[in-house]
Each structure stands twice: as structure tokens, then as C-alpha cells.
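K.L.:
Dropping the structure in here first, questions after.
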Amino acid sequence: MTCLQQHATSSLRPLNRLAHPREVIRQFTPNWFAATMGTGVLALALMQVGMERLHSLAEALWWLTVGLFVLFSVLYTARWVLFFDEARRIFAHSTVSMFFGTIPMGLATILNGALLFGINRWGEGIVPWIEALWWFDVGLALLCGVAIPYLMFTRQEHSIDQMTAVWLLPVVAAEVAAASGGLLAPHLIDAQSQFLVLITSYVMWAVSLPVAFSILTILMLRMALHKLPHANMAASSWLALGPIGTGALGMLVLGADAPAVFAANGLGGLGEIARGLGLVAGIVLWGAGLWWLLTAVLITLRYIRHGMPFNLGWWGFTFPLGVYTLATLKLGAWLGLAFFHSMGLVLVVALAGLWLLVGSLTLRGAWRGELFVSPCIAGLNK
């Protein structure tokens, strides 16, 4: 057999780049949950377009998100059980630890999809289960948003020149949970439960957005002083769009809920104020997001000219763009302006194209085993 034939045969074997199949578990990191975020947000965006023929595709993507989340949860749990000493090294790693935030954010897209697809399929009886999982998601997001920065302050090594937008990941999880709470509240029967979920969502939004903007301020200084990160972190430039898009979406969704929920709890006047503030805040944040979107496009074009190696970080192209797309479509529905609706459709097409690209590259990399690499234990493999 020639060398060329041997290479072709090897490339057809699954996980051929790994020393042993168990390395899939040993090298598994939370980065993979970013794929559930990107897939889930595409399903939600397709539903918001308003074309009925896309509903079946959107639901199929939601089921794919559920399957991926379950698979990744099993693999990551197995890593902690089988390779505990190596798994716990993540807490000291300055980059991989940030991806803990992708777990509650991935779960949030599933819960949002359950409200869109699950209720139609199984009825309102699943709402209490969604509510229970939402409270779990809130706790997990709050834990990530506090514990990971605490580790940054006490155990991890960081420097301004090595900073990237991945610092946002553990912080933004609370904001995503807040937007999910806004979607959940109208489905709850009890007015007091609606009020509790709504107020908790506002608190979670406030826990996240100011901290996220603090990080964005430092990020702008870092890029001005030290220029762009290494090409391996090329997709991180899009992560800045995440908290802004989610913040706009959260305020729009919560503002839409506020009049009815506050009125049912004796605070009708406050509800109308919250609605107005939600709309204004949504427009302002959308405008701030437009600057980051255009900047991210320019940065990405520069990376493309100089080469961009593929890695799981490319899923960072999808979720931030997805939440900004949802905010755009929501503004279009609220204001009745064709501009927002048309731009939302363009963004949906771009999101779908990016998902297809990143998804196909991820499948190829996973088949070969190239993407199963844990930087936390890279030194142990030398």
C-alpha cells in the first residue's frame, strides 16, 4: 500500500488522530457546549422569521440541540468521574474555564425552544418542568458569573495583552437566563409566580450587563494597545456582540411582559414604564451592537486574509450573531419598521450560512479526533 493510500485509509477511520478512543472523554472540555448555543439560537431565529415552512426545520434543529446537550453532558460528566484529577485542572486555566458559561447558555436555548415547540407538541403540562429547569439554569448562570471571575482574581494568571472577549462567557450566562425568564413568565398560570420570574430576570439582567460592559471597555483598551489576538482566537471578536444583543433582547422581552404582570400584582403604572424603558433600552443597545457587528466583520475579514485555523472557538460566530438577530426581529415586530425586519432576514441567512460552515467543519474535526484537545492537560501529553 502506498503512502497516499495509507493516508486516505487513515483519514476514513474515526478518531484516527487520537491515541485511544477513551481520549474523547479525557480531552473533553466545555467548549463543545458552544455548539448547542449556536444550533439552538438558529432554531429560535428561524421560528421568528414568520415563514411556516421553516417551522419543521427549526424544530428539527431544536431536537438536535437537545441531543447534543445530552451527549456533551454525558461525556463531560464521564470525564469528571474517570479523570477527576485532570478535569479539575480547568479551574486554573485562564481560557478554558471561561467556557463553563456555555453550559447554562446552551440549556437556556433548549428551554426557550421547549416553550416554542414543546408546548405545541405536549401541551401546557410541561410548563412546570420548564420552570424548574429555568430556576436551575438561573442558579448555574449565577454560579458561573461569580465563581469564574473569583478564580480569575485568586488563582488564575492573566495579563492585559493576553485578554480576549472569552472573558465575557461566564458573565453573559446570567443575561441569557434573564431573556429566557421573559419568555417563560407569560406561560405561568399564577400571577405571583409570573412576578417572581420577572423580577428575578431583571436582577439577572443587571447582574450581567454592567459587568459585561466593564469587560468590553477593557477589551477596547487592550486591542488599541496590543492589537488583535492571535488567529486562534479570531472568532472571539464576535463574542462582544453577545451581551449587547442579549441585553437588547432581554429588555424587549421583559418590557413586553411587564404591563400584564405588574398590573396583576397591583403595579399597573410601573408596568407601562417598564415597557417603555424596555423599548428604549432595546433600541439603544441594538445601536451599540451595530458598531460591534461592523467592527467584528472588519476584524474577521483581516483574519481571513492572513489565515484563520479552525477550532471550536468558531462557534463564537453563531450565538452572538443569533441573539442580535433575535433582537433585530423583535424590534421589527415592535416598531413595525421594514428596516429591522429586512435586516433581521439578512442576519438569519448569514447565521444559517455560518452554522452550516462551522457545523460541517466541526463534524469533520470530531470524526478525525482533531478537536478533542484539552489545553488544561496539554503538558501531560508531551
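The values are calculated or read from the model by the stated rules, or taken from the named source; none is laboratory data. Note that the coordinates shown come from a computational prediction; the quantities given were computed from them, not determined experimentally. Neighbour counts are summed over all protein chains in view; Cβ atoms, including those assigned to glycine, are modelled from backbone coordinates with ideal geometry. These accessible areas exclude ligands, DNA and RNA; they are computed on the full protein's heavy atoms, side chains included. Shrake-Rupley method; radii C 1.70, N 1.55, O 1.52, S 1.80 Å.
K.L.:
Springs between alpha-carbon pairs under 10 angstrom, Gaussian network model over the chain: which of 169, 356, 312 fluctuates most?
P.N.:
Answer for the Gaussian network model of the chain: 356.
K.L.:
Oh, and also: Counting other Cβ atoms within 10 Å, keep those with at most 12, restrict to DSSP loop, and tell me which trypsin sites (Lys or Arg not before Pro) in the range 83-136 are left.
P.N.:
In loop regions of the range 83-136 (DSSP not H, G, I, E or B), there are no sparsely surrounded trypsin sites (Lys or Arg not before Pro).
K.L.:
Based on the mean of other Cβ atoms within 10 Å per residue, sort peptides 195-204, 34-43 so the most packed one is first.
P.N.:
34-43, 195-204
K.L.:
What is the angle, in °, between the Cα long axis of helix 102-113 and the longest principal axis of the Cα atoms in the chain? Nearest 10 is fine, range 0 to 90.
P.N.:
50 degrees
K.L.:
Something else: Take each of the peptides 146-154, 273-281, average the number of other beta-carbon atoms within 10 Å over its residues, and list them starting from the highest.
P.N.:
273-281, 146-154
K.L.:
If amide hydrogens are placed 1.01 Å from N in the peptide plane, which non-local residues have theirs closer than 5 Å to the one on residue 18?
P.N.:
none
K.L.:
Hey, any idea what % of the chain's accessible area is carbon plus sulfur with a 1.4 Å probe?
P.N.:
69 percent
K.L.:
So what are the ³J(HN,Hα) numbers for the range 223-230, from phi and the Karplus equation (6.51, -1.76, 1.60; θ = phi - 60°), rounded to whole Hz, Gly and Pro as x?
P.N.:
Listing the rounded values in order: 6, 5, 7, 10, 6, 6, x, 4 Hz.
K.L.:
Can you give the charge dipole size of the chain about its Cα centre, rounded to the nearest 20 debye, using +1 on the beta carbon of Lys and Arg and -1 on the beta carbon of Asp and Glu?
P.N.:
1240 debye
K.L.:
Here's something else I'd like to know. What would the Debye formula give as log10 I(q)/I(0) at q = 0.10, 0.13, 0.20 Å⁻¹ for the alpha-carbon point model of the range 40-194, no solvent?
P.N.:
-0.43, -0.70, -1.26
K.L.:
Per-residue HN-Hα couplings for the range 237-251, Karplus 6.51 cos²θ - 1.76 cosθ + 1.60 at θ = phi - 60°, whole Hz, x for Gly and Pro?
P.N.:
Coupling constants for the range 237-251: 4, 7, 4, 4, 6, x, x, 6, x, 5, x, 5, 4, x, 5 Hz.
K.L.:
I'd like the Karplus ³J(HN,Hα) series for the range 35-51: coefficients 6.51, -1.76, 1.60, θ = phi - 60°, whole numbers in Hz, and an x wherever there's a Gly or Pro.
P.N.:
Result, rounded to whole Hz: 5, 5, 5, x, 6, x, 5, 5, 4, 5, 5, 4, 5, 7, 5, x, 9.
K.L.:
Same structure again: At a Förster distance of 41 Å, what's the computed FRET efficiency of residue 363 paired with residue 191, Cβ-Cβ distance as r, to 0.05?
P.N.:
According to the calculation, E is roughly 0.30.
K.L.:
Angle check, please: helix 169-184 long axis (alpha carbons) against the longest principal axis of the chain (alpha carbons), in degrees 0 to 90, nearest 10.
P.N.:
Value to nearest ten degrees: 40.
K.L.:
On a full-extension model of 0.36 nm per residue, what is the gain between residue 218 and residue 158, subtracting their alpha-carbon distance, rounded to one decimal in nm?
P.N.:
So the extension gain works out to 20.3 nm.
K.L.:
What value, in deg cm²/dmol to 500, does the helix sum -39500 (n - 2.57) over DSSP H runs of n ≥ 4 give at 222 nm once divided by the residues of the chain?
P.N.:
After summing the helix terms and dividing by residue count, I get -24000 deg cm²/dmol.
K.L.:
In the chain, if the dipole is taken from +1 on Lys/Arg beta carbons and -1 on Asp/Glu beta carbons about the Cα centre, which of 144, 159, 180 is farthest to the positive end?
P.N.:
So the residue furthest toward the plus end is 159.
K.L.:
Let me ask something additional. Quick one: putting +1 on the C-beta of Lys and Arg, -1 on the C-beta of Asp and Glu, what dipole do you get for the range 107-214 around its Cα centre, in Debye to the nearest 20?
P.N.:
The calculation lands at about 60 debye.
K.L.:
Would you calculate the separation in nanometres between label points at residue 88 and residue 356, each defined as 7 Å from the Cα along the Cα-to-beta-carbon direction?
P.N.:
Inter-label distance under the simple model: 4.7 nm.
K.L.:
Same structure, new question: Given C-alpha coordinates of the range 104-159, what is the ratio Rg to Rh with the Kirkwood estimate of Rh?
P.N.:
A ratio of 1.23.
K.L.:
Further, regarding this structure: Please give the FRET efficiency for residue 129 paired with residue 267, using the beta carbon to beta carbon distance and R0 = 30 Å, rounded to the nearest 0.05.
P.N.:
My answer for the efficiency is 0.55.
K.L.:
Where q = 0.12 Å⁻¹, what log10 of I(q)/I(0) comes from the Debye formula for the range 224-382, counting one point per Cα?
P.N.:
Log-scaled intensity ratios, in q order: -0.65.
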